[in-house]
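Values quoted throughout were computed directly from the atomic coordinates according to the rules given, and no laboratory measurement underlies them. Computed from a prediction, not measured in an experiment: that's the story for all the values here. Cβ placement follows ideal geometry from the backbone for every residue including glycine, while neighbour counts extend to all protein chains displayed.
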């Protein structure tokens, strides 16, 4: 229409036209407001410009709580903001997306569409119409899961245990999670339809006990109960499980339903049994060590004075031969204490970064010799095998002991396979004797010989100081192998079953990248330290020795022998008395001769205190039993000497002279 025509319109006609336009606007506005789809208009800055009634009802917001708010607050749906930004920038419609719209404690599956709109205020800018349409299903509506409920369903499927529900009135299981079939081999339908499965899953040896447990559970008033038993899988194999049960009761207290969690604790039980056996063995070790210590002290007194008497008697005297018989009997008693000490002395572990393939190659000849010519020895190694922090020679001894056991169980003929790989424990095994979370190098030594019974596995770590010599040595070797691994911060466990033979699993701590770098830095060549010239000590005609021994008979014997040789002897019965004797003595003390194990302050502690005031003092330790904590590397002062009890008087005098004649500078003296 031309402008001239428009100007000919009368005011009444213009008013009628404007009213028609307003009526049309309200009509379409009412349609948009009532359409059962959430609509939201956002501007170029992604802030809300307008929304319809359905959007505000769905979000439970008023109009002023929507206008001007950023899109990410109003529509916290993954991908929604990016989709709207794309439409606003390009001015083109984008593909629909399906998502879940979380609103408080509820969630709705929705489809989101975004259409471009031209701005009424700025013709050059685009706005976006966001259409959120809820999914409509022809099936009966199911309640939507809250986030907490959804997480519970996920955990039920992922947890490493059988979760179940049982209806007491119906006498059958009404729910099991997927882990039930993995643990026991029975399908879900078997659990839900076969009422006998509740009894069949328990090994015959434990059925009566488990039956009494559930009878007591129903009669009691408690809510939470637990029981451990031997379970029987569908393939007739067994495992040890722990079953935790919660009871749902009615208002009168009668049980209605049971909710249970059944977990496989076979590995934990095995480690606990081994730990108990190791503790029992450790108690026997300490008892044996104490007996050896006390016997050695008494035998030294008998042998020392007996030797003195024999030497004072002429060879023709009949008592001379009698004393020889007494001394011979004493020597035989020494062999008993030596046998005790063979078990009680733990190996000293010097852990260092070790190449496992190189260690296995070095140990191969000794292992093959232990297995014999008719046993085939196979080694399988992972190509990315890491280095381990271990005492290589000690681990070799452990493998040899295990090979000797394999030879015995195979009857001297068969195959032994050693596999080496890397393993990771994401969490601790949960036992005092178990492994901490971390990375390990694992050695698996397997054979198909006679499987070990549960009793034999439990007794594996006990001391064997009797029976046939070769068998006793093998049993002692297994115990020693266990303690070698434990001292190296590793673990030794055993798996054994009929038809599958026996597998020993050795876990050794893996070396981290940081430790490797530190080791390389320490291995770099460094300049040798300057040679220190040590002035020669003036020659003396009479040397002073401080003898510290809590056993009075041995102390008197040693004092007598040393004084006969011309030494000046001071004596003390314990550490504090020895320190006082050193302070009170005006002259020089050349040698500290001390027992290691004494009440109160032990000999090692005494030596460190003595060297603080007399740095050039020489030290000779004597002991029939040394606690393994004192034998660890670095416990004894550098440059000190050690003489093992029992010893002859001649060996004592020889060792004393050897130590006194040594003039090498000790690190402790610097």
*Determine the relative contact order of region 147-264: mean sequence separation of Cα pairs under 8 Å and six or more apart, normalised by residue count, in whole percent.*
26 percent
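Arrange the following residues from fewest to most other Cβ atoms within 10 Å of their Cβ: 221, 614.
The order, fewest Cβ neighbours first, is 221, 614.
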*Determine one quarter of the surface area of the Cα convex hull of region 35-134, which equals its mean projected area, and express it in nm² to one decimal.*
5.9 nm²
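Which shape class, rounded, prolate or oblate, goes with region 147-264 when its Cα gyration tensor gives a ≥ b ≥ c as root eigenvalues, a/c under 1.5 marks rounded, and past that a/b bigger than b/c marks prolate? Mind showing how you got there, number by number?
Working: a/c = 1.61, a/b = 1.06, b/c = 1.52.
Note, shape of region 147-264 comes out oblate.
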